[in-house]
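Taking it in order: structure first as structure tokens, then the write-up.
The values are calculated or read from the model by the stated rules, or taken from the named source; none is laboratory data. The structure presented is a predicted model; accordingly, all values stated were derived computationally and were not measured. Cβ placement follows ideal geometry from the backbone for every residue including glycine, while neighbour counts extend to all protein chains displayed.
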Amino acid sequence: MKNNAFRSFRAVAVLAAALPCCSVCAADAVAEEPVDDPEESILDKYVDLSTELAFYSAYVWRGQILFDRPVWQPAQNVFFKFGENAEYGALKFRLWANFAIDGNKPPHRFGGMSIVDERVGYVKTFFDCLDFDVGAIMYQFPNRHASGMRETDELLAGVTWRNPYVTPSFYVWWDFDKNGHNDENSLFFDFDFSHAFKITDELSLNLGSGFGVANGSYMDHYTRGDVDGVAFNYFHNDLGLWYKINKHLKVGASLTYFYNLSRQVRHSSYDMHDHYNAGILRGGIHLAVTW
């Protein structure tokens with residue numbers, strides 16, 4: 001009996017002595033677990049950056065052929081988000097420019113730069129599908145100072161309804177000042193419809209179509225007074241392919257057919273159409289990087 005009691009006491013003592021060791025081992029095991037990555041910086045949480053580069057066979061703006069030779073168009077976008085997921089919207093800054101690739105023809109200055117845009121605005125998504133966009137944009141013309149077309153300014157507002165079927169968008173631009181370019185109170189309305197088909201996880205096919213409508217002040221300016229009322233300006237059809245190389249880089253190619261509906265615009269000095277063929281097929285190569 002004494003021996004059994006002694007054995008029981010010794011077993012309890014050994015177990016009690018082992019408990020601190022097990023606690024230490026457990027603590028060591030916790031300490032040796034991999035440490036989580038450090039938290040995202042403020043810049044990562046609240047700032048989105050994206051860079052775009054496009055090469056086009058011609059520069060077409062609102063149905064008007066401004067350059068009938070190849071151009072390249074870089075752009076930089078910066079979004080300052082209100083909330084980590086932009087639940088309160090975001091401030092958007094965009095810098096865009098157009099350059100003529102052929103250096104043997106005008107414009108020669110500024111590396112062939114014909115126009116540069118600076119845009120600032122506010123974007124906000126409602127109901128997870130309605131994207132609203134308001135802001136201002138300033139156009140500058142580095143190679144047209146002699147003609148007095150130094151710059152002009154516009155206010156803009158737009159809405160896009162994202163859905164699984166056809167995504168419509170509507171934008172209006174208001175040129176509110178008169179400074180050597182458009183007459184004041186020129187309005188241009190753009191209606192677009194698009195759909196993206198997901199072919200694979202990386203490849204998508206985008207189809208789109210749209211048209212533009214201008215008010216009397218806009219048409220009066222671009223037709224040299226031949227049209228002073230509201231008119232359909234142009235329509236376009238779009239085909240694009242995008243391939244996602246990784247989460248930061250996408251490449252694409254596009255074809256767009258533009259048709260200028262206004263004969264008066266085509267015959268004005270603001271357009272390089274051949275006056276007989278109102279349409280143009282423009283090709284493009286695209287590169288998009290997110291940071």
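Yes/no per residue for (1) at pLDDT 95 or above; (2) part of a loop (DSSP other than H, G, I, E, B); (3) under 30 Å from Asn215 (Cβ atoms):
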| position | (1), (2), (3) |
| --- | --- |
| Ser23 | no, no, no |
| Ala26 | no, no, no |
| Val35 | no, yes, no |
| Asp44 | no, no, no |
| Leu49 | yes, no, no |
| Ala54 | yes, no, yes |
| Val60 | no, no, yes |
| Ala75 | yes, no, yes |
| Val78 | yes, no, no |
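If only residues of the stretch 202-259 that are under 20 Å from the mean Cα position of the chain (by Cα) and among the hydroxyl-bearing types (Ser, Thr, Tyr) are counted, the one that is nearest to Trp173 (Cα to Cα) is Ser209.
Listed conditions (1) at pLDDT below 90; (2) surrounded by 17 or more Cβ atoms within 10 Å (Cβ to Cβ) are all met by Asp274, apart from (2). Each residue in the stretch 208-247 was checked for being charged (D, E, K, R) and surrounded by 15 or more Cβ atoms within 10 Å (Cβ to Cβ), and 3 pass.
Of the residues making up the stretch 166-196, those that are at pLDDT 95 or above and in contact with a His (Cβ under 8 Å, 6 or more places away or on another chain) number 2. Scan the stretch 215-242 for residues that are in contact with a Gly (Cβ under 7 Å, 6 or more places away or on another chain) and either among the aromatic types (Phe, Trp, Tyr) or outside the structural domain of Gly284 (by TED's automatic domain parsing) (or both) and the total you get is 3.
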